[in-house]
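Below is one structure, written out as structure tokens, with a few remarks after it.
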Amino acid sequence: MYNTLIAEFDSRLRIQEYAFAYRLYELKYGSEAGRGWKAAVFGGAGAIVLYALAKEQFDFGRFPAASVIILICLYMLTYYLFLVPKKARLYGEHIYKSSRLLSKPQHCKIYRDFLEMENEYESIKRYYTEVTDCIETERAFILMGGVEKPLLVISKKQMSPQQQTAVSEHFQKEMTKRCRKRS
């Protein structure tokens with residue numbers, strides 16, 4: 001049947017769910033995308049400098065810039081592996097707190113070809129062809145992509161287990177290569 005209703009439920013997004021989703025979105029599509037290879041470059045550079053120092057019996061007099069290079073590499077490694085994700089999560093919390101729409105209860109309808117989310121102030125219709133990435137966590141479904149509102153988070157808190165299973169199976173079927181589970 002054309003555009004059959006898969007599930008219909010009310011949802012209310014929590015700050016932790018949105019902050020986690022925003023962190024994933026920012027690290028994949030935001031300004032800090034590719035942080036893994038950036039950290040690997042600094043880790044590799046630090047390892048090369050350490051290797052060169054080891055060959056010289058850690059004589060810093062022969063290689064005076066080594067300590068500065070190692071410190072810079074350690075800082076950048078820490079920055080990309082620990083500080084960037086924390087910064088993204090904190091910014092997601094800031095967005096949630098400053099937005100009046102994210103904390104509003106919303107009514108969700110999941111259809112075969114699209115989903116609709118609406119609250120008293122806005123209505124969003126997202127076709128699955130617009131979704132570039134779909135991540136299912138224990139707490140929420142995170143849909144990324146689209147021009148307007150590129151991050152949609154559907155909380156599982158008020159969904160029944162049957163609805164969670166139906167929506168999960170539907171997203172896996174409709175967005176085969178773009179949907180994955182994450183714990």
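The values are calculated or read from the model by the stated rules, or taken from the named source; none is laboratory data. If you're wondering where the values come from, they're calculated on a predicted model, not measured in any experiment. No Cβ is skipped: glycine too gets one built from the backbone with ideal geometry, and neighbour counts run over all protein chains shown. Surface accessibility is based on the protein's heavy atoms, side chains included, excluding ligands, DNA and RNA. Shrake-Rupley method; radii C 1.70, N 1.55, O 1.52, S 1.80 Å.
Structure values in brief
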| item | result |
| --- | --- |
| Boolean, ASP59 is open to solvent by 70 Å² or more (accessible area, probe 1.4 Å) and of a type in the set (Asp, Glu) | no |
| Flag if ILE124 is free of Cβ contacts under 8 Å to residues at least 40 places away in the same chain and assigned to a strand (DSSP E or B) | yes |
| Index of the failed condition, GLY146 passing every other in (1) in a loop (DSSP other than H, G, I, E, B); (2) touching a residue at least 24 places away in the same chain (Cβ under 8 Å) | (2) |
| Residues within the stretch 154-183 that are of a type in the set (Val, Ile, Thr), open to solvent by 10 Å² or more (accessible area, probe 1.4 Å) and not in a helix (DSSP H, G or I), tallied | 1 |
| Some residue of the stretch 93-116 being among the acidic types (Asp, Glu), over 16 Å from PHE9 (Cα atoms) and either open to solvent by 80 Å² or more (accessible area, probe 1.4 Å) or without any contact (Cβ under 8 Å) to a residue 60 or more places away in the chain (or both) | no |
| Subset of the stretch 127-152 [more than 14 Å from the chain's Cα centre (by Cα) and surrounded by 18 or more Cβ atoms within 10 Å (Cβ to Cβ)] | TYR128 |
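Yes/no matrix, rows are residues, columns are (1) under 20 Å from ALA166 (Cα atoms); (2) not charged (D, E, K, R):
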position: ALA65; (1), (2): no, yes
position: PRO85; (1), (2): no, yes
position: LEU90; (1), (2): no, yes
position: GLU93; (1), (2): no, no
position: SER99; (1), (2): no, yes
position: GLN106; (1), (2): yes, yes
position: ARG112; (1), (2): yes, no
position: SER123; (1), (2): no, yes
position: GLU136; (1), (2): yes, no
